[in-house]
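The values are calculated or read from the model by the stated rules, or taken from the named source; none is laboratory data. Remember, predicted model here, so these are calculated numbers, not experimental data. Glycine also receives a Cβ, built like all others from the backbone with ideal geometry; neighbour counts cover every protein chain displayed. Note: accessible area is taken over every heavy atom of the protein model, side chains too, but ligands, DNA and RNA are not part of it. Shrake-Rupley method; radii C 1.70, N 1.55, O 1.52, S 1.80 Å.
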Amino acid sequence: MRLSDAVKLIVLGLLALVGLGIEAALAAEPPPIKIGEISSYSALPIGTRGYRQGWELARDEINGKGGVLGRKLQIIARDDAGKPDVAITQAGQLVEAEQVDLLTGTILSHIGLAVADFAKQKQTFFLASQPLTDALIWEKGNRYTFRLRPSTYTQASILAKEAAKFPARRWATIAPNYEFGQAAVASFKRELKRLRPDVEFVSEQWPPLGKIDAGAVVQAMTADNPEAVFNATFGPDLAKLVREGTTRKAFANRSVVSLLTGEPEYLAPLKDEAPAGWLVTGYPRSEIKTPAHDAFFKAYVDRFKEPPNIGALIGYINTLVLAKAIETAGSTRADDLIKAMEHLKIDTPVGNVAFRAIDHQSTMGVYIGTLAVRDGEGVMTDWRYVDGADFQPADTEVLAKLKN
């Protein structure tokens, strides 16, 4: 045998060994934990862009530390286009074709309800990250569905407690005419009437989601001469309402309580048109000074070169919750995850969050404050964090709703 032939054989042998080593390494690496994620990425790009970046950050931090149970997290995202039927199709593909271990996500309430029903039918674990309707955990709740974000009941109750201090007796409501808006108004009215039996609601405006005729809404609202207004519009609808109301001086000399309006994704587009004096729930991201939030804020800005919005915060915490649940359960089986979630407690950038066994709702709280304009931008002032655990319905009330 010539020397060149011998060298070739040695090289081929070494290559074969390297190939076997790579195959062995790949075979030794456990498969990832597959998480199917669904949200309205194309329908609500302002809110969902930050949300996606939030869960990407958490996923990569977790995987950088070795993953969960020795396995990396793989999040497979799908767009529901803001339509329940599309969401169900996507959920089916995730479960059947992608064979995900669990489902998470959704932002619009009617889509969250649709995916929750799918999860029940398929006996698949589902952590709803952002939809707010209470039907998700009560009237239409099921053992496979949990919800992270503070409920409509919680947020409306916190606002109603503050609104009860206003001297106003005559109230108007403005909310999008779908599940979330209807639930928000019902919860606010119920709690405010409980605290202030003397108040009356003289006007209810129900613009279609994403298609508000702000001029007509403002005109109809002012015609009933309310002293105060409860608003639950958001996104482009909110911007149109604020601008039309300002032009017509519809909110001058009226107290306004507004759900979600202090959230950066809805406040930022208004810039110096932000309605000063409104009482809102939101996210004063730059002013929260705790070690946990500072770490999240810095990591997010370092990576994405922009501050987080509320969607980013939710996406980040949602992924931390999933990792903690899987770790606690010791598996990705739905029954094991349910048992783990019903007693789960976790530290987050907003503080400790727990999940209630009775209705699968988290105790995540709400930032509440008053809007002001500073340096040409809308900001929350005099804000504080209100723990959601202090504004949950009594067990007897929950049980009554679960029986219906």
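What's the number of the condition residue 63 fails, among (1) part of a helix (DSSP H, G or I); (2) modelled with pLDDT under 95?
Single failed check for residue 63: (2).
Tell me, which residue of region 174-202 that is in a strand (DSSP E or B) and touching a Ser or Thr at 6+ places or on another chain (Cβ under 7 Å) is surrounded by the most Cβ atoms within 10 Å (Cβ to Cβ)?
Here the answer is 174.
Within region 201-252, track down each residue that is among the aliphatic types (A, V, I, L, M), out of contact with any strand residue (DSSP E or B) (no Cβ under 8 Å at 6 or more places or on another chain) and under 17 Å from residue 182 (Cα atoms).
If the condition is that a residue be among the aliphatic types (A, V, I, L, M), out of contact with any strand residue (DSSP E or B) (no Cβ under 8 Å at 6 or more places or on another chain) and under 17 Å from residue 182 (Cα atoms), then 209, 212 are the ones that fit.
If we scan region 339-350, do we find a residue that is within 18 Å of residue 398 (Cβ to Cβ) and part of a helix (DSSP H, G or I)?
yes
For region 341-363, give me each residue that is open to solvent by 10 Å² or more (accessible area, probe 1.4 Å) and aliphatic (A, V, I, L, M).
If the condition is that a residue be open to solvent by 10 Å² or more (accessible area, probe 1.4 Å) and aliphatic (A, V, I, L, M), then 346, 350, 354, 357, 358 are the ones that fit.
Under 7 Å by Cβ, and 6 or more places apart or on different chains, what pairs join a residue from region 240-254 that is at negative phi with one that is part of a loop (DSSP other than H, G, I, E, B) and surrounded by fewer than 18 Cβ atoms within 10 Å (Cβ to Cβ)?
Cβ pairs passing all conditions: 254/227.
In region 373-404, what count of residues is obtained for those that are open to solvent by 70 Å² or more (accessible area, probe 1.4 Å), over 29 Å from residue 345 (Cβ atoms) and modelled with pLDDT of 90 or more?
4
What pairs come up if the first residue lies in region 133-155 and is more than 14 Å from residue 392 (Cβ to Cβ), the second is aromatic (Phe, Trp, Tyr), and their beta carbons are under 7 Å apart, counting only those six or more places apart or on different chains?
Matching pairs, first to second residue: 133/180; 144/125; 144/126; 145/126; 146/355.
Can you name every one of the helices (runs of 4 or more DSSP H) wholly within region 83-165 that holds 1 or more residues which are out of contact with any helix residue (DSSP H, G or I) (no Cβ under 9 Å at 6 or more places or on another chain), surrounded by fewer than 23 Cβ atoms within 10 Å (Cβ to Cβ) and at positive phi?
So the answer is none; nothing clears 1.
Can you tell me which residue within region 252-297, out of those that are open to solvent by 30 Å² or more (accessible area, probe 1.4 Å) and touching a Phe, Trp or Tyr at 6+ places or on another chain (Cβ under 9 Å), is farthest from residue 373 (Cα to Cα)?
255
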